[in-house]
Amino acid sequence: MKLIAGVDVGNSTTETCIAGINEDGKFKFLSSAITETTGMKGTVENVKGIIKVLNDALLKINKKINDLDVIRINEAAPVIGDTAMETITETIITDSAMIGHNPSTPGGEGLGVGITIDITELDKADSGNNYIVIVPDSITFDKAAELINSFSEKVNIKGAIIQADEAVLVENRINIKIPIVDEVKHIDKINKGVMCAIEVASLGNTIKMLSNPFGIASIFNLTPEETKFVVPIAKSLIGNRSAVVIRTPSGEVKESIISAGILTIFGQKSVVKVNVDSGADEIMKAVNEAGLIYDVSGEIGTNIGAMINRIKNSMANLTNMDINDIKIKDILAVDTMLPVNASGGIAGETFMEKAVAIASMVKVDRLPMMKIAEKLQNETGVYVKIAGVEAVMASLGALTTPGTKLPIAVLDIGGGSTDAALLDEKGNVTSIHVAGAGELVTMLINSELGLNDRVIAEEIKKNSVAKVESLFHIRVENGQIKFFDEPLNPKLFGRVVVIKGKELIPINKDTTLEKVVQVRRTAKERVFVKNSIRALRALRAIAPEGNLKKIPNVVIVGGSALDFEVPEMILAELAKYKIVAGRGNIRKSEGPRNAVATGLTMSYF
Ligand code: ADP
Ligand code: MG
């Protein structure tokens, strides 16, 4: 029997399919495997992953690499994806000492306004003034309470700011009722002898005065000019349960503005300029107008300029090419929110700023697949053949999905790009690639939930979430309640968790179930649903006798097609065009995976 391996090297994953042909010419699929791509797609570093995936698949049928008669690798699509995001509103950097803060357990409630004073200097306080006491963590909570109690008759103490997480401990020990804010990491940054306001909301409420620019203005007697500068501060405090705002020592406000910038798209039809400030829809309109894209550039000295430069730089590094030779062939822009550090923050405060995320696609002339083939052949001793174009192979593989027939359209949604191909009855294949897929969705989830953790963002993308309502039950996002016989880890109590099989992974952030679900679903809609339509439109534009309605059925394949809700979202959208769409089931057994690798073995036959 002849043993044939098909290998598909993608941006994210390397897959293989092993097939056999016996003496009387009968073709049989025998095994498959999947592993992470080693190195950048199209480089010789891929060989390591290829050998691993082959070993994995062959082990399942008790064979070795040197039992193979041929390894067929594909002419990989010469597109490499990257993602980046940047705030699009003007960034005003003020040198203000105004700060906002949101500890999880503040003490007391209400608004307190006064002059900042170190707790050890209360003896020097003036009886005519109001004060906010500052408690560094060198002072224990009982010592702090003792000091406050002993001075509370002589000094008007209106509030306290504590470095340690001890607001409640102090509150319980003092005989005056004042708001107390704690967990102020950089307490040393707070000037003494300046006007300061602290606010703690009552249970179930959020602060009112300090999250309102006019509230801050009335407390500090600000001019309309000065009030303008506190807008970002007020914004960063919206929704907080507590906050601190300190009066900027006069004349110290400096500002510099970085504008969003102009994006220029060099297309076959026209060169289109668009102000990034106008948002993702306008940018995508410009992309459409430009026609086939040669390159994209961003105005120097602006946010978009820096962003495009970053993308090209990382591409140049990865591909070992000169930055001037890196041409962006497509972009997908998506509106998003990005946590931005509040200037003057004392505990790493951030606020959400409007931003645009861009997935870009860079075309390289032709990936050096020959080099990979050579190295693979040398290392394995097996004949290696570069066999056909990725899109053709994907279409062939997708056709093994039960219920499909020619003509067939394939939507391959991977990590960096979304590829669409159309295979007609005569065997002609048309294909296109557009920027943006799974990676961008993970990035959106990561930033919009302010996670700063790609690993957990990836888990949120792939799984349902639940709220741990007691140690014995969780409420799943669909409303289902699940009970447990054994108590859950107390650390999970009250948390929103990702349900990964039997494992519950807590999302380390003050967030709600509804918020996580909303961010996850809208991220997928903005990327996967929009891009599927965009890809099919582009396909229609170049397909012979193209017509979106003439695309009868669309088989969705690739890693992102494994997603538990994406194929349904795409199906719902495409149904409007009377297109039947669904998740592929390659060889009736592989789900949406392995299409290209399968196609590679079939094309041998
Ligand atoms: P490529 O062909 O470019 O190597 P893949 O087809 O392997 O890419 O797709 C990779 C993408 O698939 C990643 O963005 C990954 O997050 C996503 N992915 C993998 N498994 C799942 C899953 N179970 N649910 C949702 N997305 C998934
Ligand atoms: Mg792929």
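The values are calculated or read from the model by the stated rules, or taken from the named source; none is laboratory data. What you see is a predicted model; the values in this text were computed from it and never measured. Cβ sites come from the backbone with ideal geometry, for glycine too, and all protein chains shown count toward neighbours. Please note that ligands, DNA and RNA were not included when accessible areas were found on the heavy atoms of the full protein model with its side chains. Shrake-Rupley method; radii C 1.70, N 1.55, O 1.52, S 1.80 Å.
Restrict the check to region 513-527 and report whether at least one residue is part of a loop (DSSP other than H, G, I, E, B) and surrounded by fewer than 22 Cβ atoms within 10 Å (Cβ to Cβ). Steps first, please.
So the first thing to find is which residues in region 513-527 are part of a loop (DSSP other than H, G, I, E, B), and the list is none.
No, there is no match, as no residue in region 513-527 is part of a loop (DSSP other than H, G, I, E, B) and surrounded by fewer than 22 Cβ atoms within 10 Å (Cβ to Cβ).
Going through region 467-511 one residue at a time, which ones are touching a residue at least 40 places away in the same chain (Cβ under 8 Å) and among the polar types (S, T, N, Q)? Quick ask: steps written out before the conclusion?
So the first thing to find is which residues in region 467-511 are touching a residue at least 40 places away in the same chain (Cβ under 8 Å), and the list is 467, 477, 498, 500, 505, 507-511.
Residues satisfying the conditions are 508, 511.
Just need a number here: residues in region 1-40 that are within 16 Å of ligand 1 (Cβ to nearest atom), in a loop (DSSP other than H, G, I, E, B) and of a type in the set (A, V, I, L, M, F, W, C). Please lay out each step first, then the result.
Residues of region 1-40 that are within 16 Å of ligand 1 (Cβ to nearest atom), as a first pass: 6-17, 32-40.
Restricting the remaining residues to those that are in a loop (DSSP other than H, G, I, E, B) gives 10-12, 37-40.
Filter once more, so that each one left must be of a type in the set (A, V, I, L, M, F, W, C): 40.
Total satisfying the criteria: 1.
Kindly provide the set of residues from region 407-428 that are open to solvent by 20 Å² or more (accessible area, probe 1.4 Å) and away from ligand 2 (no atom under 16 Å from the Cβ), ordered by number.
Residues satisfying the conditions are 407, 422, 424, 425, 426, 427, 428.
Mind listing whichever residues of region 429-469 are among the small types (Gly, Ala, Ser), within 16 Å of ligand 2 (Cβ to nearest atom) and either over 20 Å from residue 356 (Cα atoms) or assigned to a loop (DSSP other than H, G, I, E, B) (or both)?
Applying the first criterion (among the small types (Gly, Ala, Ser)) to region 429-469 yields 431, 435-438, 447, 450, 457, 464, 466.
When the remaining residues are screened for being within 16 Å of ligand 2 (Cβ to nearest atom), the result is 431, 435-438.
431, 436, 437, listed by residue number.
All but one of (1) open to solvent by less than 50 Å² (accessible area, probe 1.4 Å); (2) without any contact (Cβ under 8 Å) to a residue 12 or more places away in the chain; (3) of a type in the set (A, V, I, L, M, F, W, C) hold for residue 571, so report the exception by its number.
(1)
Could you tell me whether region 576-591 includes any residue that is within 23 Å of the chain's Cα centre (by Cα), buried (at least 18 other Cβ atoms within 10 Å of the Cβ) and within 16 Å of ligand 2 (Cβ to nearest atom)?
The initial filter retains those residues of region 576-591 that are within 23 Å of the chain's Cα centre (by Cα), namely none.
No, because not a single residue in region 576-591 is within 23 Å of the chain's Cα centre (by Cα), buried (at least 18 other Cβ atoms within 10 Å of the Cβ) and within 16 Å of ligand 2 (Cβ to nearest atom).
For region 528-537, which positions are under 15 Å from residue 567 (Cβ atoms) and either surrounded by fewer than 17 Cβ atoms within 10 Å (Cβ to Cβ) or in contact with a helix residue (DSSP H, G or I) (Cβ under 7 Å, 6 or more places away or on another chain) (or both)?
Across region 528-537, the qualifying residues are 528, 529, 532, 533, 536.
Note down all Cβ pairs under 8 Å where the first residue falls in region 435-446 and is free of Cβ contacts under 8 Å to residues at least 24 places away in the same chain, the second is open to solvent by less than 10 Å² (accessible area, probe 1.4 Å) and more than 16 Å from ligand 2 (Cβ to nearest atom), and they're at least six residues apart or on different chains.
442/457; 446/457
Scan region 74-82 and tell me whether some residue there is more than 30 Å from residue 331 (Cβ to Cβ), modelled with pLDDT of 80 or more and either within 16 Å of ligand 2 (Cβ to nearest atom) or open to solvent by 20 Å² or more (accessible area, probe 1.4 Å) (or both). Please lay out each step first, then the result.
Looking only at region 74-82, we keep the residues that are more than 30 Å from residue 331 (Cβ to Cβ), and these are none.
No: zero hits.
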